[in-house]
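Data block below; observations after.
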Amino acid sequence: MSKNVVIIGAGVAGINAATKLVDNNYQGKITIIDMGKNPYDRLPEEVMTGMLGAGGWSDGKLTYHTSIGGHLSKYTGDEKAMELMDQVINNFKRFHPKPEEVQCSNPVAEPDFIKPYFGLRLFPVWHVGTDYLHEIGKNWYNYLLDNNVNFIWETKVDDIDFDNEWLYSDGEKMQYDTLIFGVGKSGIDFGKRLAEKYNLPTEAKPVQVGVRFEAPQKHFQKLIDVSYDFKLYRKFDDEGVSLRSFCTNNNAAYVALEETYGDYSYNGHAKKDPKYQNDMTNFGILMEVRGIEKPFDWSRELVSKVQRISIVPGEGAGGRHAQGRFQSKYKAGLYYSPDPTRYKSKTSEGNWVHAHYISEDGLKEVKDSFKGYFDYIEDFIDDMKIVFPSLEDDWGIYIPEIKYLSPEPLVNYNDLSLTTYPNVHFVGDALSARGITVSGAQGTLVAEQLLNKN
């Protein structure tokens, strides 16, 4: 018998799930609910919510390896994981206005100059092109609309009754037979509340916090020639800490401000069109800290403290010498450079990245907020200055970059359903996916299993 499927979240996990169902002539009703806007009304700067989520709207790189972006193979095995990721990549090509421009980079050799200081993870990456994501979103949206998928935009789900199979939003309630819980980073706190409300068995996740590093591309060109989306990493197993560079952007690389739970953090993206070229590189330097009690709450507290750090007098979130009026107009995170004359960058729209300049004293406050863990980031940067000797002080950091991970609910491996509620499936960020490809693959896996049951 056909079932009424409700998907919370129009990110890559939910959209790929709906696409798999539609492609296979699923006869039940499919409804997708999202806090954001459809791809025609969604603005470029509305990064966190809406069609294709955060990653599918502002990042054009699809990682293609089972060890990157979350533990997909834990549920499926390596062979099935790669098959699912192939389906996600093919969807991006399918709705791409110029699919022939989608290219795969596949570095194979770790350079010797990296080895004494960092590990380097090498893996294939499909480059979709940030410039095309919005058109991909529109084409994909039209396909689902044409196949009777019902979208409910700008609507927040307030609560879910797993026992009676209802969800509530804006005072209304909706029945479901099957629920796919695919909230993005903006909904991680909702998943946490549900886990606590229903006492769901969970697996603790580590803290993931750091900074977005930015410098002229020329300093990293030797490594970029080997691996465009390079991943530097190091581990301190005895201290429960590991670090990695994350989401590298080159050539036309831009820093983006994100808002989550009223606080601000940073990410990055790259443009494909040559007119946007700025010869910059940016990437996250993320720490994974294990053993923190209540890691979600710990991360929220850290970010909240960073927001309250003093800025350089008279220098707000606009240009280098912005006046106080910018401070009241824009909320932002922080920007620091060891070179006091170095400007932060501009967005692809030509506006200053919203970030408050901080001095050395402000950086000391940041270190206090990080509770001693900022030392690992400083050591990481110091060693980069050795490996890339031209770098010196020609860099800046945007503070913080954060990946909120609430405790991961335990799921049945075959279809990612909750062990206590088999018609509720967690996917994407709600299941600790850390990338477009893995999120989409999780949604595809759930849809495959629904089709098998139908």
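The values are calculated or read from the model by the stated rules, or taken from the named source; none is laboratory data. Note that the structure is predicted; figures quoted are calculated from it, not measured. FYI the Cβ positions are ideal-geometry reconstructions off the backbone, even for glycines, and counts take in every protein chain you see. Surface areas here come from the heavy atoms of the whole protein model, side chains and all, with no ligands, DNA or RNA. Shrake-Rupley method; radii C 1.70, N 1.55, O 1.52, S 1.80 Å.
Data table
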{"quantity": "Whichever residue in the stretch 186-220 is more than 17 Å from TYR254 (Cα to Cα) and among the polar types (S, T, N, Q) and, among such residues, is farthest from the chain's Cα centre (by Cα)", "calculated": "ASN199"}
{"quantity": "All positions within the stretch 81-98 that are charged (D, E, K, R), open to solvent by less than 70 Å² (accessible area, probe 1.4 Å) and over 17 Å from TRP57 (Cα atoms)", "calculated": "ASP86"}
{"quantity": "Odd one out for SER390 among (1) under 28 Å from THR66 (Cβ atoms); (2) at pLDDT 95 or above; (3) polar (S, T, N, Q)", "calculated": "(1)"}
{"quantity": "Failed item, numbered, when GLN208 is tested on (1) modelled with pLDDT under 95; (2) part of a helix (DSSP H, G or I); (3) of a type outside the set (Phe, Trp, Tyr); (4) open to solvent by less than 10 Å² (accessible area, probe 1.4 Å)", "calculated": "(2)"}
{"quantity": "Spans of strands (runs of 3 or more DSSP E) in the stretch 89-132 with at least 3 residues under 22 Å from the mean Cα position of the chain (by Cα)", "calculated": "103-105, 125-127"}
{"quantity": "Flag if GLY129 is buried (at least 17 other Cβ atoms within 10 Å of the Cβ) and small (Gly, Ala, Ser)", "calculated": "yes"}
{"quantity": "Some residue of the stretch 105-124 being closer than 30 Å to ILE160 by Cα, out of contact with any strand residue (DSSP E or B) (no Cβ under 8 Å at 6 or more places or on another chain) and open to solvent by 60 Å² or more (accessible area, probe 1.4 Å)", "calculated": "no"}
{"quantity": "Identity of the residue in the stretch 175-193, of a type in the set (A, V, I, L, M, F, W, C) and at pLDDT 95 or above, that ends up surrounded by the most Cβ atoms within 10 Å (Cβ to Cβ)", "calculated": "ILE180"}
{"quantity": "Neighbours by Cβ (under 7 Å, 6+ apart or cross-chain): first from the stretch 148-161, basic (Lys, Arg); second buried (at least 17 other Cβ atoms within 10 Å of the Cβ) and in a strand (DSSP E or B)", "calculated": "LYS156/SER169"}
{"quantity": "Tally of residues being open to solvent by less than 20 Å² (accessible area, probe 1.4 Å) and under 18 Å from TRP153 (Cβ atoms) across the stretch 20-53", "calculated": "13"}
{"quantity": "Any helices (runs of 4 or more DSSP H) falling wholly within the stretch 351-454 and containing at least 2 residues that are β-branched (Val, Ile, Thr) and over 30 Å from PRO44 (Cα atoms)", "calculated": "374-387"}
{"quantity": "Residues satisfying the stated conditions in the stretch 142-166, i.e. surrounded by fewer than 21 Cβ atoms within 10 Å (Cβ to Cβ) and within 25 Å of GLU259 (Cβ to Cβ)", "calculated": "PHE151, ILE152, TRP153, GLU154, THR155, LYS156, ASP158, ASP159"}
{"quantity": "Single residue of the stretch 127-155 satisfying the filter (touching a Ser or Thr at 6+ places or on another chain (Cβ under 8 Å), at pLDDT below 95 and not polar (S, T, N, Q)) that is nearest to TYR40 (Cα to Cα)", "calculated": "LEU133"}
{"quantity": "1 or more residues touching a residue at least 60 places away in the same chain (Cβ under 8 Å), touching a Phe, Trp or Tyr at 6+ places or on another chain (Cβ under 8 Å) and under 26 Å from ASN249 (Cα atoms): qualifying helices (runs of 4 or more DSSP H) within the stretch 5-79", "calculated": "12-23"}
{"quantity": "Strands (runs of 3 or more DSSP E) contained in the stretch 222-300 and holding at least 1 residues at pLDDT below 90", "calculated": "231-236, 241-249, 253-260, 263-270"}
{"quantity": "Pick from the stretch 270-310, criterion closer than 21 Å to GLU45 by Cβ and among the charged types (D, E, K, R), ranking: farthest from the chain's Cα centre (by Cα)", "calculated": "LYS275"}
{"quantity": "Residue within the stretch 58-80 that is among the aliphatic types (A, V, I, L, M), more than 27 Å from GLU165 (Cβ to Cβ) and either modelled with pLDDT of 95 or more or open to solvent by 20 Å² or more (accessible area, probe 1.4 Å) (or both) present", "calculated": "no"}
{"quantity": "Any hit, the stretch 176-188, residues being under 30 Å from ASP375 (Cβ atoms) and either in contact with a His (Cβ under 9 Å, 6 or more places away or on another chain) or among the charged types (D, E, K, R) (or both)", "calculated": "yes"}
